[in-house]
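The structure appears below as structure tokens.
The values are calculated or read from the model by the stated rules, or taken from the named source; none is laboratory data. Everything quoted here is computed from the prediction, not taken from an experiment. A quick note on method: Cβ atoms are made from the backbone with ideal geometry, for glycine too, and the neighbour counts reach across all protein chains shown. These area figures cover heavy atoms from the full protein model, side chains too; ligands, DNA and RNA do not enter into them. Shrake-Rupley method; radii C 1.70, N 1.55, O 1.52, S 1.80 Å.
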Amino acid sequence: MALIKTIGVLTSGGDAPGMNAALRAVTRSAIFNGLRVKAIYRGFRGLLTGEIAEFKTQNVSNIIQQGGTVIKTARCKEFQTPEGRRQAYERIKKEGIDAMVVIGGDGTLTGARIFASEFNFPIVGVPCTIDNDIYGTDSTVGYDTALNTILDAVDKIRDTASSHERLFFIEVMGRDAGFLALNGAIASGAEAAIIPETTTEVDQLAEFVKSGFRKSKNSSIVLVAESEVTGGAMHYADRVKNEYPDYDVRVVILGHVQRGGSPSAYDRILASRMGNAAVEALIDGQRNIMMGIDDDQIVAVPLSRAIKNDKPLDRELLKVLRTLSI
Ligand code: F6P
């Protein structure tokens with residue numbers, strides 16, 4: 001196996017708090033181990049446009065606490081074509097990049113896996129997405145911060161919900177995964193979560209609303225995961241408005257506010273550990289893996305497993321939510 005002298009690093013897909021901490025960890029770990037680092041701007045697109053710069057330790061100073069990504073991110077359509085990936089590979093050769101660490105979510109890791117197998121190129125992934133929807137890791141970088149952002153918002157909405165005795169449907173992100181909605185509901189003391197992993201019949205929802213709203217509570221908060229399966233918060237609000245016109249219903253879509261902000265301590269530590277492990281894995285000769293966290297240990301997960309499998313949602317959490325929201 002060829003010796004790795006230069007590592008390329010990029011952030012791609014939807015940004016997540018902690019991407020900068022991961023970039024810092026990759027850069028510093030590589031330099032610590034005597035390697036050169038080239039930062040690729042705007043995700044895989046930077047490989048096509050040549051927006052690549054050598055990074056020294058000071059390039060990543062003072063970024064661990066910053067949300068977003070200082071090397072920008074993008075979703076690159078060209079990289080999804082064989083021709084685009086061929087061009088990217090040519091650029092990598094020209095730049096003398098021997099291996100890459102890619103920081104991003106599901107789409108990023110999928111692109112990385114295809115590229116790695118087409119060109120037999122060493123890649124290690126660091127799972128960074130607020131959605132937490134990647135198999136093989138208990139948590140993804142950014143998820144904890146997004147969850148805390150949701151709590152902050154729900155706590156505030158609860159004040160007005162309770163003053164006006166209203167029912168709020170709050171839509172959170174997750175791209176077809178209910179981790180943010182379900183854990184956000186438990187942590188904020190919400191009455192219910194509507195998630196794509198379980199089908200919620202409208203009658204069940206209405207029953208819940210009726211009993212919760214009328215008997216013991218004067219306000220209710222329901223977290224809804226964005227998804228075509230759930231139909232989103234608007235869909236449920238409309239149904240309640242039609243079927244229970246007495247209820248004072250409001251909708252809040254939290255949107256991209258969930259993607260911003262300074263990463264939590266948990267996300268900074270996770271990003272630092274994963275970024276460091278990613279570089280060490282490449283030096284050890286590992287490839288086509290993603291770093292994960294399992295029982296507080298950093299583990300290597302084959303990219304093929306991480307991408308192919310859907311991350312299961314712990315059904316016990318639903319029980320906890322139902323029990324505690326009486
Ligand atoms: O995957 C992260 C995520 O924030 C999803 O939760 C959401 O569906 C999507 O990205 C939004 O993407 P965009 O920023 O392109 O609107």
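Filter the range 56-75 down to the residues that are touching a Pro at 6+ places or on another chain (Cβ under 9 Å) and either assigned to a helix (DSSP H, G or I) or polar (S, T, N, Q) (or both), then identify the one that is surrounded by the fewest Cβ atoms within 10 Å (Cβ to Cβ). Per the stated criteria, the residue is Gln65.
When Ala177, Ala190, Ala116 are screened for being open to solvent by less than 10 Å² (accessible area, probe 1.4 Å) and modelled with pLDDT of 95 or more, only Ala116 passes.
Looking at this structure, is Phe79 within 16 Å of the ligand (Cβ to nearest atom), farther than 22 Å from Ala271 by Cα and crowded, with 18+ Cβ neighbours inside 10 Å?
On the way: within 16 Å of the ligand (Cβ to nearest atom): yes; farther than 22 Å from Ala271 by Cα: yes; crowded, with 18+ Cβ neighbours inside 10 Å: yes.
Considered against the rule, which asks whether it is within 16 Å of the ligand (Cβ to nearest atom), farther than 22 Å from Ala271 by Cα and crowded, with 18+ Cβ neighbours inside 10 Å, Phe79 comes out as yes.
Can you find a residue in the range 90-99 that is buried (at least 17 other Cβ atoms within 10 Å of the Cβ), assigned to a helix (DSSP H, G or I), away from the ligand (no atom under 16 Å from the Cβ) and at pLDDT 95 or above? Within the range 90-99 (the criterion being buried (at least 17 other Cβ atoms within 10 Å of the Cβ), assigned to a helix (DSSP H, G or I), away from the ligand (no atom under 16 Å from the Cβ) and at pLDDT 95 or above), the answer is yes, since at least one residue qualifies.
Return a yes/no flag: does the range 41-52 have any residue that is more than 16 Å from the ligand (Cβ to nearest atom), open to solvent by 10 Å² or more (accessible area, probe 1.4 Å) and within 20 Å of Ala146 (Cβ to Cβ).
Checked the range 41-52: no residue is more than 16 Å from the ligand (Cβ to nearest atom), open to solvent by 10 Å² or more (accessible area, probe 1.4 Å) and within 20 Å of Ala146 (Cβ to Cβ).
Considering only the range 157-178, state which residues are in a loop (DSSP other than H, G, I, E, B) and either more than 14 Å from the ligand (Cβ to nearest atom) or farther than 30 Å from Gly14 by Cα (or both). Across the range 157-178, the qualifying residues are Glu165, Arg166.
Residues that are within 16 Å of the ligand (Cβ to nearest atom), of a type in the set (Val, Ile, Thr) and modelled with pLDDT of 90 or more within the range 223-251 comprise just one, Val224. Please tell me if Ile103 is β-branched (Val, Ile, Thr) and either at pLDDT below 95 or within 15 Å of the ligand (Cβ to nearest atom) (or both). It is true that Ile103 is β-branched (Val, Ile, Thr) and either at pLDDT below 95 or within 15 Å of the ligand (Cβ to nearest atom) (or both).
None of Leu147, Leu109, Leu151 is surrounded by fewer than 19 Cβ atoms within 10 Å (Cβ to Cβ), under 19 Å from the mean Cα position of the chain (by Cα) and touching a residue at least 24 places away in the same chain (Cβ under 8 Å) except Leu151.
Exactly one residue out of Ile134, Ile114 is within 15 Å of the ligand (Cβ to nearest atom) and not in a strand (DSSP E or B), and it is Ile134. Applying a threshold of 7 Å to beta carbon distances and a minimum spacing of six or more residues, or different chains, the list of pairs starting in the range 245-274 at a residue that is in contact (Cβ under 8 Å) with a residue 40 or more places away in the chain and ending at one that is more than 16 Å from the ligand (Cβ to nearest atom) and acidic (Asp, Glu) reads Asp248/Glu165.
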